[in-house]
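Here the structure comes first, spelled out in structure tokens, and everything after it is commentary.
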Amino acid sequence: MCRSIMLTQCVSIILIACYTASASAFNVMVNGMPGPMATAAAEACLRKNMDLCPFAMTGPDVPPQTILVTDPDTGRSASVDLIPSSSLSTLKARLPTSPNTIAIDYTHPSSVNSNAAFYTTSKIPFVMGTTGGDRPLLLSTVTSPPHYCVIAPNMGKQIVAMQYALETLESKFPGSFKGYDLKVTESHQKKKADTSGTAKAVIGNINGMIGSSSFDVEKDVVLLRDDVSSANFGVPEEYLDAGHAFHTYTLTSGDGSVEFELKHNVCGRRVYAEGTADAVKFLGKVMKEKGEEGAR
């Protein structure tokens, strides 16, 4: 069995069952802070009684700094030194001081592949929720040689379950929506740089049920990234910049007489942060049970 756990829609349901796993004796290096998603994941780790690594990677243009991460629910806190990715030698020099480290990656699409290479060469198991990058290259990086990791475009367990259900429908009823037209609209905060990885996965499943579709995931998704458009789409004002993910997929029959709509709207980042922390616990559990040889 390969040590890489690629959580795409085909196998990501495994994450649903892992959330009760107990925390192990490891430190969590949360890379991407002070970005809001990475910070939310760090808070979730503290909330679930995990310890944060005292240092982590930040963006190349972010100045070195020390931040205090505090979980508002439990009051647990930890100081973390942020080291720019442009100073990897400094980060590598500190790795021996924090054994049994698992990394979380919520950085930037442009850093996906270079970060994965860093984790594999440094032998750091990791959970990656960052979307984008060269995904085939990412898969190759973590499978040759095999490396412990969890990679998913969406860490919300309930949404992962929905994706699994859609894949099941696609496999059991291919072409069941033949002749239908697909329209997809998704809204995210302005700073999200790319099309949602979840939308791409869901569109792939729906296209399978259509059988053949001219829908181009790179060109035909309507991306809402401004406050007016997002508010008109139903996003509450307080979540326009605080983080949201509103997705609507509409299937319409060729004659316009039948319409199906799939919608999932998320306000805030907590559902993703909680799922990410659960994935860390799951990965730690797998590593403890299987070890270096047992997981092959």
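For the reader, a short list of remarks on this structure follows.
- Accessible area of residue 270 (1.4 Å probe, protein heavy atoms only, ligands and nucleic acids ignored): about 120 Å².
- Value at 222 nm in deg cm²/dmol, rounded to 500, when DSSP H runs of n ≥ 4 in the chain each add -39,500 (n - 2.57): -10500 deg cm²/dmol
- Relative to the Cα centre, the charge distribution of segment 21-146, modelled as +1 at Lys and Arg Cβ and -1 at Asp and Glu Cβ, gives a dipole magnitude of about 260 debye.
- Taking the charge dipole of the chain about its Cα centre, with +1 at Lys and Arg Cβ atoms and -1 at Asp and Glu Cβ atoms, the residue from 154, 118, 182 reaching farthest to the positive side is 118.
- Positive-end residue, the chain charge dipole about Cα centroid, Cβ charges, pick of 41, 247, 132: 41
- Anisotropy class of segment 187-256 from Cα gyration tensor, a/c 1.5 cut: prolate
- Alpha-carbon Rg/Rh ratio, for segment 161-225, with Rh computed the Kirkwood way: 1.01
- Square roots of five times the Cα gyration tensor eigenvalues for the chain, Å: 34, 22, 17
- 5 angstrom amide H check on residue 104, placed H, neighbours 5+ away: 29, 30, 31, 127
- Degrees between helix 157-172 axis and first principal axis of the chain (Cα, 0 to 90, nearest 10): 50
- Theoretical FRET efficiency, 1/(1+(r/R0)^6), r = Cβ-Cβ of residue 285 and residue 65, R0 35 Å, to 0.05: 0.60
- Taking all protein chains together, 62, 184 sort by accessible area into 62, 184, largest first [probe 1.4 Å].
- Choice from 38, 273, 242 showing the highest fluctuation, given a GNM over the chain with Cα pairs closer than 10 Å: 242
- For segment 68-215, the gyration tensor built on C-alpha atoms gives a prolate shape. Its axis ratio a/c (a ≥ b ≥ c) is at least 1.5, and a/b is the larger of a/b and b/c.
- Average accessible surface area per residue within segment 125-251, 1.4 Å rolling probe, Å²: 44
- Rg/Rh for segment 222-271, where both radii come from Cα atoms and Rh is the Kirkwood radius: 1.09
- Spin-label pair residue 86/residue 172, simplified geometry with 7 Å Cα→Cβ offset, distance in nm: 5.3
- Gain in span if fully extended, residue 193 to residue 237, counting 0.36 nm per residue against the direct Cα distance: 13.8 nm
- Hz values of 3J(HN,Hα) by residue in segment 130-135 - Karplus curve (6.51, -1.76, 1.60), Gly and Pro given as x: 5, 9, x, x, 8, 5
- Take every Cα pair under 8 Å whose residues are at least 6 apart in sequence, average their separation, divide by the length of the chain, and the relative contact order is 23 percent.
- The alpha carbons of segment 94-167 stretch over 43, 23, 23 Å along the principal axes, in descending order.
- The per residue volume of the convex hull around the alpha-carbon atoms of segment 78-119 is 95 Å³.
- Angle between the chain longest axis and helix 36-47 axis [Cα atoms, degrees, rounded to 10]: 60
- Computed magnitude of the charge dipole of the chain (debye, nearest 20; Cβ of K, R +1, Cβ of D, E -1): 940
- Taking each of 123/219; 48/92; 191/263; 191/288; 183/285 in turn, the alpha-carbon distance tops 31 angstrom for 123/219; 191/288; 183/285.
- Proximity of backbone amide H atoms, modeled 1.01 Å from N, is registered between residue 55 and 81 at under 5 Å, excluding neighbours fewer than 5 places apart on the same chain.
- In whole percents, the pair-distance distribution calculated for segment 146-271 from its alpha-carbon pairs, binned every 5 Å from zero, is 2, 10, 19, 21, 19, 14, 9, 4, 1, 0, 0.
- Between residue 123 and residue 223, the C-beta separation translates, for a Förster distance of 45 Å, into a calculated FRET efficiency of about 0.75.
- Potential extension, residue 253-residue 97 segment - 0.36 nm per residue separation minus Cα distance: 50.1 nm
- Global form of segment 25-128, assessed from the alpha-carbon gyration tensor, a/c cut-off 1.5: prolate
The values are calculated or read from the model by the stated rules, or taken from the named source; none is laboratory data. Just so we're clear, the structure is a prediction, and the values are computed from it rather than from any experiment. Cβ: placed from backbone, ideal geometry, glycine included. Neighbour counts: every protein chain shown. Calculation scope for accessible area: heavy atoms of the full protein, side chains included, ligands and nucleic acids excluded. Shrake-Rupley method; radii C 1.70, N 1.55, O 1.52, S 1.80 Å.
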